[in-house]
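See structure below.
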Amino acid sequence: MTVSFCGEDFVAAPGTDLTIGRSGDIEIDDNPFLHRTFLMVTSDNGFWWLVNVGSTLTATVADEHGLFQAWLNPGARIPLALNKMMVWFTAGPTTYDFEITIDRPAFRAVAREQDTVTEEGGQATVGRVGFTPDQKLLVVALCEPFLRRNSPGTSHIPSSAEAAERLGWTITRFNRKLDNVCQKLADAGTRGLHGGVGKLASNRKSRLVEHALSTKIVTEADLALLEGPGDALPDASGDAHG
């Protein structure tokens, strides 16, 4: 089993564990919002498992083709039954992602073409959820720093003001469309985007980005949808990518 993060590979054999966190076997960051030990990869009964040993943070887990997604709450664990799994999580202002590769997986994923079509009225349908062109642009703008990276690591999700400026929108327009996107996905069963009746979750942007990336709602090819030559949003290091 291999965990890949920020250009480094961390390998474990069956019978051994890898901890991931602020001071784990894989030291993610000195981010004070991150647990000292947040996730653990362990083997049990012939399977590798990803376990959330933290107390507050959640993680999004998906296969490389975007056909499977799980939301890993504190205390929960999930079998790593496929060859490659992707993991995203957010701690404070920073979102992290890494890959887990299993040499001899129990199952094999069968890839299919992304179920995306264009309907009358200009709506793009991804799976069961239809997005207007503006809604799709909003998601692309929020995911841009991740889509411009070549390997797993860290990124900062743009603030609403940054994303609105990137799109040439007012902040009021951006927030209204963000409300619509989150509500639409929540109505379709996506967890973590709504905090209850009349109250949207405070971390909805990070959850939206994790969901969009893990289910391939947006991909690198969608960067072409961002009109104009404006500078790219900064990545975690503060540098802009055109």
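The values are calculated or read from the model by the stated rules, or taken from the named source; none is laboratory data. All figures in this text were calculated on a predicted structure; none of them were measured in a lab. Cβ placement follows ideal geometry from the backbone for every residue including glycine, while neighbour counts extend to all protein chains displayed. Ligands, DNA and RNA are excluded from the accessible area calculation, which covers all protein heavy atoms including side chains. Shrake-Rupley method; radii C 1.70, N 1.55, O 1.52, S 1.80 Å.
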Q | Inter-residue pairs, beta-carbon under 6 Å, first within 14 Å of Met86 (Cβ to Cβ) and in the range 212-223, second open to solvent by less than 20 Å² (accessible area, probe 1.4 Å) and of a type outside the set (A, V, I, L, M, F, W, C), 6+ apart | A | Ser214/Thr60; Thr215/Gly66; Lys216/Gly66
Q. What is the residue count in the range 154-190 for residues that are surrounded by fewer than 20 Cβ atoms within 10 Å (Cβ to Cβ), closer than 30 Å to Ile28 by Cβ and either in contact with a Cys (Cβ under 6 Å, 6 or more places away or on another chain) or not hydroxyl-bearing (Ser, Thr, Tyr) (or both)?
A. 6
Q | Scan of the range 1-40 for residues that are touching a residue at least 24 places away in the same chain (Cβ under 8 Å), of a type outside the set (Phe, Trp, Tyr), open to solvent by 60 Å² or more (accessible area, probe 1.4 Å) and within 17 Å of Thr154 (Cα to Cα), ordered by number | A | Cys6, Gly7, Pro32
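Would you check if Leu57 is in a loop (DSSP other than H, G, I, E, B), within 25 Å of Lys216 (Cα to Cα) and modelled with pLDDT of 90 or more?
On the way: in a loop (DSSP other than H, G, I, E, B): yes; within 25 Å of Lys216 (Cα to Cα): yes; modelled with pLDDT of 90 or more: yes.
Answer is yes for this residue.
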**Q.** Odd one out for Ile157 among (1) within 22 Å of Leu193 (Cα to Cα); (2) at pLDDT 95 or above
**A.** (2)
(Q) Among the residues of the range 67-83, are any more than 19 Å from Ser206 (Cβ to Cβ), hydrophobic (A, V, I, L, M, F, W, C) and touching an Asp or Glu at 6+ places or on another chain (Cβ under 9 Å)? (A) yes
**Q.** Pair list, Cβ under 7 Å, 6 or more apart: the range 151-164 residue under 11 Å from Val139 (Cα atoms), other residue aromatic (Phe, Trp, Tyr) and at pLDDT 90 or above
**A.** Ala163/Phe174
